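Everything below concerns the one structure shown next.
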Amino acid sequence: DEQNPNYLNASKWILSTINSGSANRLFQVLVENLLACTFIHKEHLDELDDVDLFTYRVQTLTNVLKSNGEIVLKNFGTELTSVHSLDTWKGEDISTYKNLVLVVLLKFLNIGNNTHSKGIRSSLILLDSLLDGSEHNFKTIVSSLLQLSSDYITLEGLEEELIAVSLLNIVSKVLSLSHEKQIKLDIFDDNNSHVKYVDFLVTSVSSMEKP
């Protein structure tokens, strides 16, 4: 947090760690903390799952990556992981720490019975920071975000509305990236998908205009 009096010292330490060639070890510790929350592999959350801890660790990683401009974020996208249990990830690309965290975030966002709004919004913020259109599965990620959009916009409540706003922001970003990088999104070849997205936007705006 930039408002924290220790932010400058922490930022300098992170930069010195990157410059000394120890970035991989730093990223390993941060990402292993996320992986320790094993509920990300479940289909449904239950009351014993410590989502607050997962959220805190997501926020910590976000703060680290956002320090020192783009330097840390770029390193995160190229440093190779040391994860060995490839069977756990069922063919997912977890070659770099960025790719691994993208998989983790999408797993968390798609877990059933996930009503932890702070965890969802924190994950979307980190996802927004990581996505740049270079991902090999970019189209799949966009489809997943559109599906999440459709799911959450049907729910009522302040927290759900905040999640909808976060989803609107990130969907807007990925569509802008697809245009900028000339990535053809096949999902819009399907009229149903197109209608679904337009309906999501209209419903979102309408619900947010309600008193």
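The values are calculated or read from the model by the stated rules, or taken from the named source; none is laboratory data. As the structure is a computational prediction, the values presented were derived from the model and not from experiment. All Cβ positions, even for glycine, are placed from backbone atoms using ideal geometry, and neighbour counts span all protein chains on display. These area figures cover heavy atoms from the full protein model, side chains too; ligands, DNA and RNA do not enter into them. Shrake-Rupley method; radii C 1.70, N 1.55, O 1.52, S 1.80 Å.
Grab the beta carbon distance between D50 and S143, set R0 = 30 Å, and tell me the FRET efficiency rounded to 0.05. Between D50 and S143 the formula returns 0.55.
Modelled spin-label separation between E43 and L155, with each label point placed 7 Å from Cα along the Cα-to-Cβ direction: 2.0 nm. Annotation for N113 and S176: the two label points, set 7 Å from Cα along the Cα-Cβ direction, are 3.8 nm apart.
Sparsely packed loop sites in the stretch 84-183 (the GluC sites (Glu not before Pro) outside DSSP H, G, I, E and B with at most 15 other Cβ atoms within 10 Å) comprise E156. Between E32 and D128, the simple label model (points 7 Å from Cα in the Cβ direction) yields a spacing of 3.1 nm.
The stretch 1-50 and the stretch 134-186 have Cα centres spaced 24 Å apart. Only protein atoms count toward the accessible area here, which uses a 1.4 Å probe; on the stretch 1-106, the carbon and sulfur part of that area reaches 51 percent.
Fully extended, how many nm does the chain gain between S22 and E92 (0.36 nm per residue separation, minus their Cα-Cα distance)? Before the final figure, lay out each step's value.
Numbers: separation 70, 0.36 × 70 = 25.20 nm, distance 2.57 nm.
So the chain would gain 22.6 nm between S22 and E92.
Each of the peptides 46-57, 141-152, 117-128 was scored by the mean count of other Cβ atoms within 10 Å over its residues; in descending order, highest first, they stand as 117-128, 141-152, 46-57. Computed from the alpha carbon atoms alone, the convex hull of the stretch 1-129 holds 105 Å³ per residue.
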